[in-house]
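For reference, the structure is listed below as structure tokens.
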Amino acid sequence: MKNFREKLPGFGFLLIACSTLSVLALITIFIFIEGVPIIARVGIFDFIFGMKWAPSQGAFGIFPMIVGTITVTLGAAIIGIPIAICCSIFLTEFAPPAVSNVVRPAIQLLAGIPSVVYGFWGLVFVVPLIRNYLGGPGLSILAGSIILAIMILPTIISISEVSLLALPRLYKEGALSLGATQWQTIRAVLLPAAKSGIVAAVILGIGRAIGETMAVIMVLGNAVALPQSILDPARTLTTNIGIEMGYASGEHQQALFATGIVLLVIIMILNSIAQFVVRRRNG
């Protein structure tokens, strides 16, 4: 009886973990059941690399939206990741307590702002700025990248900061005692030692950028065409689902579920690449 009581909490936690995995499995199965038939009918090559999206005409090509998703996410990563890592380094190594006590809650507050507020701010500030000074319609890949870069900052900063703070003090003290400067210690010792946590933070941030819908709908322009530059409008996979799911039916609805399958596969590939990189470097 005593052994049973000791093992009961473990069984409870195992049950909770299995329930979480079962929810993920049910969502995945549902999406595949709804989306696979249209992929089988159209053909996976024509569906993924098709250039025309016209459901009323039976055309279901999502390649322009895949390109839009990749370009907007890549732009957000290029803008947001360096800023986030530099900010986490500042908070852990340079900021006085009085400054960090103000900056850290402000960064955490960014995570609680609804995405529609980011989209509205981008629509009234970022979009006109791009239109007036860089040209184009303003509703563009660049506008979407800027908004997403701001939105992923709290995730990357918080996790990177925790990873840096979790390092043993001996790492820093040992490097400084050998004559390394503070910057050399950060660049050659602390960042490599915390790379697993930083990579995880980057992957989570990119996942947030790929999955964002509302803010991107408001500033991206939502044109179903291959963008020629960062100043052109585009449409992502998530915005396509968000815009059209409300009135879609039949094959159109199945095509949107199939779009979700492609989005799920892209995220799985990103996670697999990240895990491979971390394991290879740790090995």
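No value in this document is a laboratory result; all are computed from the given coordinates. All values reported here derive from a predicted model rather than from experimental measurement. Positions of Cβ are generated from backbone atoms using ideal geometry, with glycine treated the same way; all protein chains shown enter the neighbour counts.
When Rg/Rh (Cα atoms, Kirkwood Rh) is calculated directly from the model, which label among [x] 0.99; [y] 0.97; [z] 1.05 fits? Matching entry in [x] 0.99; [y] 0.97; [z] 1.05: [z]. State the answer as a single residue: which of Leu153, Thr92, Ile206 lies farthest towards the positive end of the charge dipole of the chain, with beta carbon charges of +1 for Lys and Arg and -1 for Asp and Glu, about the Cα centre. The residue sitting farthest along the positive end of the dipole is Thr92.
For Tyr133 and Thr20 in the same chain, what is the full-extension length gain: residue separation times 0.36 nm, less their Cα-Cα distance, in nm?
That pair, Tyr133 and Thr20, stretches by 35.9 nm at full extension.
Principal-axis analysis of the Cα atoms of the chain puts helix 251-282 at an angle of about 20° to the longest axis.
Overall, segment 67-232 carries a charge dipole of about 180 debye about its Cα centre when +1 sits on the Cβ of Lys and Arg and -1 on the Cβ of Asp and Glu, all other atoms neutral. From helices alone, the chain scores -24000 deg cm²/dmol at 222 nm; the rule is -39500 (n - 2.57) for each run of n ≥ 4 DSSP H residues, then divide by the residue total.
Extending 7 Å from the Cα toward the beta-carbon at both Leu176 and Phe90 defines two label points whose distance is 2.1 nm. A straight Cα-to-Cα reach below 17 Å connects Lys172 with the aspartates and glutamates Glu93, Glu161, residues fewer than 8 places away in its own chain not being considered. Per-residue packing, averaged as other Cβ atoms within 10 Å, sorts the ranges 154-167, 208-221 into the order 208-221, 154-167, beginning with the highest. Only Lys, Arg, Asp and Glu carry charge here, each on its Cβ (+1 for the first two, -1 for the last two); on that basis the chain has a dipole of about 780 debye about its Cα centre.
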